[in-house]
Amino acid sequence: MGKHEHGAVDHIVPIKMLVGTCIVLLFLTAVTVWVAQLDFNILNIPSMNLLVALAVASVKVFIVSMIFMHLRWDRSFIGFLFVVSCLLVFLFIGFALTDTSENEPDIIPGNSPPVQQQLDKLEASVAEAKAASADGEGDTHAKSASGDDH
């Protein structure tokens with residue numbers, strides 16, 4: 001029978017590194033929350049929030065995988081496979097986003113002229129209804145003030 005060692009540790013991560021990693025991850029989480037509250041529409045970059053949030057999330061994934069998944073101390077081929085798989089995921093998501101924006105751009109509700117025309121008609125009818133109800137209330141108050149109740 002062979003002798004198997006279960007639970008053998010190849011390396012021990014220092015507490016300073018774990019605390020530093022925790023501080024960096026908390027800081028990046030705060031950056032993500034801060035960026036989510038920024039308004040990039042002023043700069044005509046409406047999708048910048050998403051891009052910055054994804055970039056920060058990618059950095060956090062890299063940190064977690066290197067430290068907590070111990071890829072920093074593993075064989076370089078495993079790290080290579082991790083990096084290649086991440087690049088392929090980004091590539092496939094990029095292709096999907098490109099196709100979504102190029103193929104049928106009017107598929108998003110409210111992004112086409114007919115939908116906008118319908119919304120304008122709805123707003124006009126609501127304004128008319130409010131004006132009519134305001135006129136009706138004014139007539140009722142005028143009649144009761146003059147004493148004509150019959």
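Compared with the alpha-carbon gap, the fully stretched path from Ile45 to Gln118 is longer by 23.5 nm at 0.36 nm per residue.
Residue separation times 0.36 nm, minus the C-alpha to C-alpha distance between Ile15 and Phe62: what's the value?
Values: separation 47, 0.36 × 47 = 16.92 nm, distance 1.92 nm.
Working it through step by step, the gained length comes to 15.0 nm.
Taking packing as the residue-averaged number of other Cβ atoms within 10 angstrom, the listed peptides 71-77, 54-60 run from highest to lowest as 54-60, 71-77.
What is the stretch 13-72 by shape, rounded, prolate or oblate, if you read a ≥ b ≥ c off the alpha carbon gyration tensor as root eigenvalues and call it rounded for a/c under 1.5, prolate for a/b larger than b/c, and oblate otherwise? Provide the component values of the computation, followed by the final result.
Values: a/c = 5.71, a/b = 2.46, b/c = 2.32.
Here the stretch 13-72 falls in the prolate category.
In terms of packing, defined here as the mean over residues of other Cβ atoms within 10 angstrom, the peptides 61-67, 125-131, 24-30 line up highest first as 61-67, 24-30, 125-131.
If you take the square roots of the eigenvalues of the alpha-carbon gyration tensor of the stretch 50-99 and sort them as a ≥ b ≥ c, do you get rounded (a/c under 1.5), prolate (a/b over b/c) or oblate?
Working: a/c = 4.88, a/b = 1.64, b/c = 2.98.
Oblate, since a/c reaches 1.5 and b/c is not below a/b.
Read-outs: derived from the displayed coordinates by stated rules, not from any lab. All figures in this text were calculated on a predicted structure; none of them were measured in a lab. Methodologically, a virtual Cβ is constructed for each residue, glycine included, from the backbone with ideal geometry; neighbour enumeration extends over all protein chains shown.
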